[in-house]
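For reference, the structure discussed in these notes is given below.
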Amino acid sequence: MGNGRAVVTGGAGFLGSHLCERLLADGYEVVCLDNFSTGTPDNVSHLMEDPAFRLVRADVTDFVHIGGPVDLVLHFASPASPIDYLQLPVETLKVGSIGTLHALGLAREKGARLVLASTSETYGDPLVHPQPETYWGNVNPVGPRGVYDEAKRFGEAVTMAYRRTHGVDTGIVRIFNTFGPRMRPFDGRAIPTFIRQALAGDPMTVAGDGSQTRSVCYVEDLVEGIVRFAGTDHSGPVNIGNPGEMSVLALAELIRDLCGSSSEIEFIERPQDDPTVRQPDITVARGLLGWEPRVDIRDGLRTTIAWFADSAATSALNA
């Protein structure tokens, strides 16, 4: 890999910013597109001095034009946490449909490879466990989460249509729960919520009885998998995630311990269509990419907690 030109949509988001960083380290020129609806320029401010990096405020649901050659398009633009896509339902559907069409159009025009960031949510509340790429899912299209699930499912369908009809070199990655620095403390996802609550000594709010499971992957591992996949001509979909499954309650307790917190656990109502189980089958990623997660969850959480603590201290100083 390296020494090409990459366009990252949603590049100022949590995942996108880590991808931009990695691509620059690999010798790419990077054009980062973001409309800052859920991302922020702060996530890539440390990259602005690099002459190979360019940040462009753009909404991919409008027309996307990039001058000059492009070798790789990574379509990562989308609200990605329930709190975001429940507040931005139409925008979420538009970026998954129109935005994906525009990203594919760019890849087609430039003869570039396109990698679509899809999601484990395409499996819905799964009836097969763990989830292999061959499983078609159990999704409620008319429920509140459907705006995200179906946007990504449509994105996958149109990506395959461009591959079959127009010969565009496309690949689909299905991303499972990922965590790390630059997550937003109020994005509604379990890990940032638990860290924020534990650091503040507030009650830690666990949905339902906490027995539902998640498999969480540290962002550095995830980016490694995506970059390896981008370097192939494989169509996917490929699951990228950590098969280490744990209950939400156990995750809350682990974070509490690592924060050295005495927060109490408080059980709250479980959201509609909240998946009961979630665990990637990564057989394909292992075979195709020689990839599997390497960062221990405790090490990843320690790094993330330190980042959150530092950000909270910085915010307090600037308040």
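The values are calculated or read from the model by the stated rules, or taken from the named source; none is laboratory data. Predicted model only: the values in this text are computed from it and were never measured. Here the Cβ is made from the backbone with ideal geometry for all residues, glycine too, and neighbour counts use every protein chain on show.
If I ask for residues that are over 22 Å from P130 (Cβ atoms) and within 16 Å of the chain's Cα centre (by Cα), which ones from the range 165-185 would you list?
G180, P181, R182, M183, R184, P185
Which members of the range 101-137 meet the condition of being in contact (Cβ under 8 Å) with a residue 12 or more places away in the chain, out of contact with any strand residue (DSSP E or B) (no Cβ under 9 Å at 6 or more places or on another chain) and aromatic (F, W, Y)?
Passing the criteria: only Y135.
Please verify whether G201 is of a type in the set (G, A, S), touching a residue at least 60 places away in the same chain (Cβ under 8 Å) and either crowded, with 22+ Cβ neighbours inside 10 Å or closer than 22 Å to D84 by Cβ (or both), treating the condition exactly as stated.
When the stated conditions are applied, G201 does not pass them.
Which residue, of Y135, Y162, is among the aromatic types (F, W, Y) and crowded, with 19+ Cβ neighbours inside 10 Å?
The conditions single out Y162.
Take the conditions at pLDDT 95 or above, outside any strand (DSSP E or B) and crowded, with 23+ Cβ neighbours inside 10 Å and apply them to L33. Does it pass?
no
Considering only residues of the range 62-73 that are in contact with a Gly (Cβ under 8 Å, 6 or more places away or on another chain) and crowded, with 20+ Cβ neighbours inside 10 Å, which is modelled with the lowest pLDDT?
Per the criteria, the residue is V64.
Looking at the range 305-314, which of the residues that are out of contact with any Pro (no Cβ under 6 Å at 6 or more places or on another chain), surrounded by 15 or more Cβ atoms within 10 Å (Cβ to Cβ) and at pLDDT 90 or above is nearest to R182 (Cα to Cα)?
F308
Of P41, P51, which residue is within 28 Å of I83 (Cβ to Cβ), surrounded by fewer than 23 Cβ atoms within 10 Å (Cβ to Cβ) and more than 16 Å from the chain's Cα centre (by Cα)?
It is P41.
Quick test for you: out of G171, G201, pick the one residue that is more than 26 Å from F36 (Cβ to Cβ), in contact with a helix residue (DSSP H, G or I) (Cβ under 8 Å, 6 or more places away or on another chain) and not hydrophobic (A, V, I, L, M, F, W, C).
Criteria check complete, one pass: G171.
Within the range 37-50, track down each residue that is part of a loop (DSSP other than H, G, I, E, B) and either out of contact with any Gly (no Cβ under 9 Å at 6 or more places or on another chain) or among the polar types (S, T, N, Q) (or both).
Once the filter is applied, which keeps residues that are part of a loop (DSSP other than H, G, I, E, B) and either out of contact with any Gly (no Cβ under 9 Å at 6 or more places or on another chain) or among the polar types (S, T, N, Q) (or both), the range 37-50 yields S37, T38, T40, M48, E49, D50.
V56: surrounded by fewer than 18 Cβ atoms within 10 Å (Cβ to Cβ), more than 25 Å from G225 (Cα to Cα) and either over 18 Å from the mean Cα position of the chain (by Cα) or at pLDDT below 95 (or both), yes or no?
yes
Restricting to the range 138-188, name every residue that is touching a residue at least 40 places away in the same chain (Cβ under 8 Å) and among the β-branched types (V, I, T).
V147, V158, T159, V168, T170, I172, V173, I175, T178
Restricting attention to the range 127-158, which residues are of a type in the set (V, I, T) and at pLDDT 95 or above?
Hit for the range 127-158 is V158, nothing else.
Among the numbered criteria (1) within 20 Å of L222 (Cβ to Cβ); (2) modelled with pLDDT under 95; (3) over 14 Å from the mean Cα position of the chain (by Cα); (4) of a type in the set (D, E, K, R), which one does R189 miss?
If we test R189 against (1) within 20 Å of L222 (Cβ to Cβ); (2) modelled with pLDDT under 95; (3) over 14 Å from the mean Cα position of the chain (by Cα); (4) of a type in the set (D, E, K, R), just (3) comes out false.
Residue check, C217 against (1) without any contact (Cβ under 8 Å) to a residue 12 or more places away in the chain; (2) surrounded by 13 or more Cβ atoms within 10 Å (Cβ to Cβ), all met but one. Which one?
So C217 meets the others, but not (1).
Can you tell me which residues in the range 168-197 are of a type in the set (A, V, I, L, M), assigned to a helix (DSSP H, G or I) and touching a strand residue (DSSP E or B) at 6+ places or on another chain (Cβ under 6 Å)?
I191
Of everything in the range 1-30, what is in a helix (DSSP H, G or I) and touching a Ser or Thr at 6+ places or on another chain (Cβ under 7 Å)? Give them in sequence order.
L15
Yes/no per residue for (1) of a type outside the set (S, T, N, Q); (2) surrounded by fewer than 20 Cβ atoms within 10 Å (Cβ to Cβ):
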{"residue": "V206", "(1), (2)": "yes, no"}
{"residue": "T232", "(1), (2)": "no, yes"}
{"residue": "L258", "(1), (2)": "yes, yes"}
{"residue": "Q272", "(1), (2)": "no, yes"}
{"residue": "V277", "(1), (2)": "yes, yes"}
{"residue": "T283", "(1), (2)": "no, yes"}
{"residue": "V295", "(1), (2)": "yes, yes"}
{"residue": "D299", "(1), (2)": "yes, yes"}
